[in-house]
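Here's the structure, in structure tokens; my notes come after.
The values are calculated or read from the model by the stated rules, or taken from the named source; none is laboratory data. All figures in this text were calculated on a predicted structure; none of them were measured in a lab. Cβ placement follows ideal geometry from the backbone for every residue including glycine, while neighbour counts extend to all protein chains displayed. Side chains included, ligands, DNA and RNA excluded: accessible areas come from the protein's heavy atoms. Shrake-Rupley method; radii C 1.70, N 1.55, O 1.52, S 1.80 Å.
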Amino acid sequence: MTAWIEQQANAFLANGLQAVRRVSIEGARKASTTHLHDYLEAYVGDLIAVVDLEAIRESRVHVGVDPLGGASIAYWNAIGERYGLNLEVVNHTIDPTFQFMTVDWDGQIRMDPSSPYAMARLVGLKERFDVVCASDTDADRHGIVSHSQGLLNPNQYLAVAIAYLFANRPQWPGTVAVGKTVVSSSLIDRVVAHLGRRLVEVPVGFKWFVDGLIEGSLGFGGEESSGATFLRRDGTVWTTDKDGLVPNLLAAEITARTGRDPGEHYRELTRQFGEPLNERLDAPVTPEQKQVLERLSPQQIQATALAGEKIQTIITTAPGNGAPIGGIKVIAEHGWFAARPSGTEEVYKIYAESFQGEDHLRRLLEEAQVLISNASAAAAQGQRSGGHGA
């Protein structure tokens, strides 16, 4: 569907937008098909159905919020006022150049609530608040700074949120499952197994959670890039897309109802299930190499060991729904890597995770690049040989 939309849009551009019809704003407002809708009131008024805002109010948990100059800026004050929360918006700046941001690791401005560089200013506020949170500019991603630990990376907070929700949503059916992407942390797998819940592992992309959220078979959907949503407290659907506000408010609920912030909960999970280290690298690739990588099969990975451990599984389709992951994932007992080409840049992304420390993680990343390079070269050679023979 999106490919067709891209093709049509590019065709319009190539034709100088001649086929695009325009109407004045006055005419649009008077049209019979136009209706006013108060999005803020509809959203804020319904939040109580998703997050225990009463517990947050009664506990007086001190919450700091930064909308990062984006779409949620009018919502946070309304939420605080409507529900009587001890909530402070720490940044009301709206600046289309985003000059108020601390720059990311490479000097670029990114409105990324999972980046320790972009979130540096908020990490500096952790002593003032019990929980500090942020949403990116279109408010579909979350960022959590805990008083105890500072910024939690997305994988860390997803595991905390899942552990808490499935222990504190008694109206959710026992059959409700947990959705994660193939490049999210295996800590989630361990938490879900301990909860006795079903794990639905899907390719990268929030669209894969939609059906499960609509029908209520998924209680939670989360991805490694800090996108998440979950069901209402009664087990019915809240939204089928990621919502940056409810995971942030959930961090306040967790703190209010347990007396411990998400950072403390994460430390408890690592004591129970082990502590993972995650990293993602981008490596340059040509368009031809991207196509080869997308079509790699498990049989083209010749290695039997990964970072000193026997390879347990190699997958190119997601276990949860059988859909292609657009790359490959290689799994050993205490670590894994996944490689997939970027859809927007001439790079491929390598995700890796280790439960055995920094040295093991470095080895995973190094071996991953060698394995992918060898497999891609062999696959490309096979294609050329096949083409020549034909």
Requested in this report: Quick one: net charge around GLY196, please, counting Lys, Arg +1 and Asp, Glu -1 for every other residue with C-beta under 15 Å from its C-beta.
Outcome: +3
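For the stretch 138-278, calculate the relative contact order in percent as a whole number, restricting contacts to Cα pairs under 8 Å that are 6 or more residues apart.
So the answer I get is 31 percent.
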Report task. Provide the solvent-accessible area of SER342, counting protein heavy atoms only and rolling a 1.4 Å probe, rounded to the nearest 10 Å². Result -> 10
Query - Correct option for Cα extents along the principal axes in Å [calculated from the coordinates] among (i) 71, 62, 44; (ii) 62, 47, 42; (iii) 64, 44, 38 - result: (i)
Report task. In debye, nearest 20, what is the charge dipole magnitude of the chain about its Cα centre with +1 on Lys and Arg Cβ and -1 on Asp and Glu Cβ, if you could check? Result -> 620
Query raised in the report: Near the amide H of TRP238, under 5 Å away, which other amide H atoms are found, from residues 5 or more places off or on another chain, if H is placed in the peptide plane?
Result: ARG232
Query raised in the report: Tell me, what is the per residue accessible area of the stretch 22-73 in Å², probe radius 1.4 Å?
Result: 59
Query raised in the report: Taking amide H positions as placed 1.01 Å from N in the peptide plane, with prolines and chain starts having none, which residues 5 or more places from ARG198, or on another chain, fall under 5 Å of its amide H?
Result: VAL178
Query raised in the report: For the chain, with the dipole built from +1 on Lys and Arg beta-carbon atoms and -1 on Asp and Glu ones, taken about the Cα centre, which of GLN8, TYR75, PHE100 lies farthest toward the positive end?
Result: GLN8
Query raised in the report: Which whole-Hz couplings ³J(HN,Hα) result when phi for each residue of the stretch 209-222 is put into the Karplus expression 6.51 cos²θ - 1.76 cosθ + 1.60, θ = phi - 60°, listed in order with x for Gly and Pro?
Result: 8, 4, 4, x, 5, 4, 7, x, 7, 10, x, 8, x, x
Report summary line: Calc'd 3J(HN,Hα), the stretch 282-290, phi into Karplus 6.51 cos²θ - 1.76 cosθ + 1.60 (θ = phi - 60°), Hz, glycine/Pro = x, comes to 10, 10, x, 7, 8, x, 5, 5, 4
Query - Helical contribution to [θ] at 222 nm, DSSP H n ≥ 4, -39,500 (n - 2.57), averaged over the chain, rounded to 500 - result: -11000 deg cm²/dmol
Report task. Using a 1.4 angstrom probe on heavy atoms only, work out the carbon and sulfur share of the accessible area of the stretch 245-318 in %. Result -> 46
Report summary line: Karplus-derived 3J(HN,Hα) from phi for the stretch 134-148 (6.51 cos²θ - 1.76 cosθ + 1.60, θ = phi - 60°), whole Hz, x at Gly and Pro, runs 9, 10, 6, 5, 9, 6, 10, 10, 10, x, 10, 10, 9, 4, 7
Query raised in the report: Among the lysines, which have Cα under 16 Å from the Cα of LYS310 when same-chain residues fewer than 8 positions away are ignored?
Result: LYS329
Requested in this report: Would you tell me the accessible area of LYS126, worked out with a 1.4 angstrom probe on the heavy atoms of the protein chains, in Å² to the nearest 10?
Outcome: 50
Query raised in the report: Taking Cα pairs under 8 Å and at least six residues apart, what relative contact order does the stretch 96-177 come out at, in percent?
Result: 19
Requested in this report: Compare THR255, THR316, THR286 in a GNM of the chain, Cα atoms joined below 10 Å, and give the one with the largest fluctuation.
Outcome: THR286
